[in-house]
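Quick notes on the structure that follows.
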Amino acid sequence: MQLLSFLIRPLTDIPYVFFGHSLGSLIAYELARTLQEQAAGAPERLFISACNPPRIVGAEREERSPLHLLNDDTLSNALRQMNGTPHEVLQNDELMKVFLPIIKADFEMIDTYEFREGVALRCPLTVFAGTEDPIVSIEWLPKWAECTSSHLNMHAITGGHFYLKENEELFFQMLNGELDELLTGIEGVASSHGK
């Protein structure tokens, strides 16, 4: 995170948001925490998608086999069930030889993630999740509130782990609504400072 925060820090003097899906959500969350700890500009909002709260990631891991340790066939079947990898890739042995190590590395990051205590983020969080996600539990999503001293918005969308692909129009409608609300707030603050 230190290198990533170093690279992003010069860009944090203007309003920005982070969006992450699955592992990307944990990365976005940890990056936002690191930037806040370094007194760099924190994001205006953190958008989380298809990710259990950080405290839960380790706990839910105990209930399943580490995905990065699955053999290639079992992992390929798991990827089919998640419905996020194109069938053309899953059916192509040469492509799978290229992508499976990358996918396993991603899963290893999730499988070995350790939550560290710290100050809650000051920015609001918006969490999106699929109602039939086999990895993320809708019941656990309110625990994301522990990660912010601001407010939490939650949206459950019909679909699995890749609900945003399955219900793309609805997802973008909700995301755009959140961004419009955020921009209105930023513009309001900017205009009040200009008086």
### Message
Restricting to the stretch 11-26, name every residue that is of a type in the set (A, V, I, L, M), in a helix (DSSP H, G or I) and without any contact (Cβ under 8 Å) to a residue 60 or more places away in the chain.
### Response
LEU11
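If I filter the stretch 151-195 down to residues being small (Gly, Ala, Ser) and modelled with pLDDT of 90 or more, which single residue comes out as surrounded by the most Cβ atoms within 10 Å (Cβ to Cβ)?
Of all residues in the stretch 151-195, those small (Gly, Ala, Ser) come to 156, 159-160, 177, 185, 188, 190-192, 194.
Next, only the ones that are modelled with pLDDT of 90 or more stay: 156, 159-160, 177.
Values: ALA156: 15, GLY159: 21, GLY160: 19, GLY177: 13.
Result: GLY159.
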### Message
So if I check each of LYS97, LYS143, LYS104, which one is farther than 13 Å from SER49 by Cα, touching a Pro at 6+ places or on another chain (Cβ under 8 Å) and charged (D, E, K, R)?
### Response
LYS143
#### Entry: Options ASP106, ASP93, ASP72; residue that is surrounded by 13 or more Cβ atoms within 10 Å (Cβ to Cβ), outside the structural domain of SER25 (by TED's automatic domain parsing), over 30 Å from GLN36 (Cβ atoms) and acidic (Asp, Glu)
ASP72
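Yes/no matrix, rows are residues, columns are (1) closer than 22 Å to ALA42 by Cβ; (2) more than 15 Å from the chain's Cα centre (by Cα); (3) in the same structural domain as ASP180 (by TED's automatic domain parsing); (4) in a loop (DSSP other than H, G, I, E, B):
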{"site": "THR126", "(1), (2), (3), (4)": "yes, no, yes, no"}
{"site": "ALA129", "(1), (2), (3), (4)": "no, no, yes, no"}
{"site": "ASP133", "(1), (2), (3), (4)": "no, no, yes, yes"}
{"site": "VAL136", "(1), (2), (3), (4)": "no, no, yes, yes"}
{"site": "GLU139", "(1), (2), (3), (4)": "no, yes, yes, no"}
{"site": "GLU146", "(1), (2), (3), (4)": "yes, yes, yes, no"}
{"site": "ALA156", "(1), (2), (3), (4)": "no, no, yes, no"}
{"site": "GLY160", "(1), (2), (3), (4)": "no, no, yes, yes"}
### Query
If THR184 passes every condition in (1) of a type in the set (Ser, Thr, Tyr); (2) without any contact (Cβ under 8 Å) to a residue 12 or more places away in the chain; (3) in contact with an Asp or Glu (Cβ under 6 Å, 6 or more places away or on another chain) but one, which one does it miss?
(3)
### Task
Could you give me the residue pairs with C-beta distances under 8 Å whose first residue belongs to the stretch 76-92 and is on the phi > 0 side of the Ramachandran plot, whose second residue is surrounded by 13 or more Cβ atoms within 10 Å (Cβ to Cβ) wherever it lies, and which are 6+ apart or on separate chains?
ASN83/GLY160; ASN83/HIS161; ASN83/PHE162; ASN83/LYS165; ASN83/GLU166
### Message
Quick check on the stretch 126-144: of everything there that is of a type outside the set (Val, Ile, Thr) and in contact with a His (Cβ under 8 Å, 6 or more places away or on another chain), which residue is surrounded by the fewest Cβ atoms within 10 Å (Cβ to Cβ)?
### Response
PRO134
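The values are calculated or read from the model by the stated rules, or taken from the named source; none is laboratory data. Because the structure is a prediction, the values reported are computed rather than measured. FYI the Cβ positions are ideal-geometry reconstructions off the backbone, even for glycines, and counts take in every protein chain you see.
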